[in-house]
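Each value in this text was obtained by applying a stated rule to the coordinates, not by laboratory testing. What you are looking at is a predicted structure, and each value in this text was computed from that prediction instead of being measured. Note that we place each Cβ from the backbone using ideal geometry, even for glycine, and neighbour counts take in every protein chain shown.
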Amino acid sequence: MLIIGEKLNSAIPSVRQLISDKDTAAVQDLAQRQVAAGADYLDLNTAQNNEVPDMEWLVNTVQEVTDVPLCIDSTSAAAIKKGLETVKGDKSKVLVNSISLEKNRLEEVLPLILEYQCPVIGLTVDDSGIPKTAEERIRLAEQLVEILTKENYDLTKLYIDPLVLPVAVDHTNAKMFFQCITAIKEKFNVKTVSGLSNISYNMPKRKIINRYFLSICMAFGMDAAILDPLDGKIITAITTTELLMGKDRFGKNYLKAHRKDILVD
Ligand code: THG
């Protein structure tokens, strides 16, 4: 499973401060530690700051110390555009986070992903919000697939995010999410991704819920997750789940993680 490191997000108060302060060393340290911990992508979000210029600064700062591909996380097409323009090297590797069926976002972000032919996260939300049922979300995923197909977009680069809602709001929300992942894969043969942490909103000991949720999502075939790779327990959950799913030949990765003393029991 692809790990998208979530730490460089201005929604985290301490990180928002680092971005405001233009603290190059601390930002680069967070980037490098996430990569060392196994991040395949680094998510960058500056929405709580001066979004567009700060995205430019963040992309440049992170790219000074790592070649790991970036995930540009914004609801603003201007910030995504700035991120794409600033990235050095192969722009078709940038994961755009995100597009949706919301009219404005679709109109403004679609041309950017077509121009750079980059991978994109598609949210199952439209102008009436996040649908309550799995069926409606699957229908929105289908609409996105249809629009992108018409534009000759390479669907192997599409990651659908069916958007997790808290189990505290409805105890069937996690189950509904698993149904979405399964159906989206079966019907459209596209990848799925999740930000996980909404699942545990308003519950105590949130990390426990996030970890078990992730493991079940993986078993249902989820392809990528936005998470904190500096959390040893979550990396342990991923490594162990991949072993148990028969994706770790001879247990090589599990044993390697053990030798590096990464596994937490
Ligand atoms: N889907 C998509 N994009 C997303 C989300 C999603 N982007 C934003 C968000 N959800 C995912 N990113 C974060 C980033 C930080 C935290 C939660 C989600 C966070 N971090 C705390 C910290 O680092 O201090 C705690 C981390 C921890 O649990 O250890 O809260 O759903 N497409």
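Some points to look at:
- Here the contact order of the chain, divided by its residue count and restricted to Cα pairs under 8 Å and six or more residues apart, works out to 16 percent.
- Segment ASP21-LYS93, length gained on full extension (0.36 nm per residue, minus Cα span): 23.1 nm
- Estimated dipole of region 1-109 in Debye, rounded to 20 [Cβ of Lys and Arg +1, of Asp and Glu -1, Cα centre]: 80
- Bridge orientation summary for the chain: considering DSSP beta bridges with both residues in this region, about 5 percent are antiparallel.
- Here region 46-94 is treated with +1 on each Lys and Arg Cβ and -1 on each Asp and Glu Cβ, and its dipole about the Cα centre works out to around 160 debye.
- Extension gain for the segment LYS205 to GLU151, taken as residue separation times 0.36 nm less the Cα-Cα distance, is 15.0 nm to one decimal.
- Under 5 Å between amide hydrogens, built in the peptide plane, is the criterion, and for THR46 it picks out SER10 among residues at least 5 positions away or on other chains.
- Spin-label pair HIS258-GLU142: with each label point 7 Å from Cα along the Cα-Cβ axis, the two points sit 4.7 nm from one another.
- Residues GLU85, GLU51 in ascending order of nearby Cβ atoms (within 10 Å, fewest first): GLU85, GLU51.
- Between ALA168 and LYS103, the modelled label-to-label distance comes to 3.5 nm, taking each label 7 Å out from Cα in the direction of the beta carbon.
- Helix-only CD estimate at 222 nm, as mean residue ellipticity for the chain, using -39500 (n - 2.57) per DSSP H run (n ≥ 4): -15000 deg cm²/dmol
- Taking the Cα centre of region 83-237 as origin and assigning +1 to Lys and Arg Cβ atoms and -1 to Asp and Glu Cβ atoms, the resulting dipole is close to 700 debye.
- The ranking of MET55, MET176, MET218 by Cβ neighbour count inside 10 Å, starting from the fewest, reads MET176, MET218, MET55.
- With a simple spin-label model that places each label point 7 Å from the Cα along the Cα-to-Cβ direction, the separation between VAL65 and MET245 comes to 3.0 nm.
- When you count the other C-beta atoms within 10 angstrom of each residue and take the mean per peptide, 132-141, 255-264 line up highest first as 132-141, 255-264.
- By average C-beta atoms within 10 angstrom, highest first, the peptides 236-247, 38-49: 38-49, 236-247
- Against the compact-protein benchmark of 2.2 N^0.38 Å, the Cα-based radius of gyration of the chain scales to 0.98.
- DSSP beta bridges confined to region 97-243 are antiparallel in about 10 percent of cases.
- Overall form of region 141-265 per C-alpha gyration tensor (a/c, 1.5; a/b vs b/c): oblate
- Environment charge of LYS252, counting only residues whose C-beta is closer than 13 Å and scoring Lys/Arg +1, Asp/Glu -1: +3
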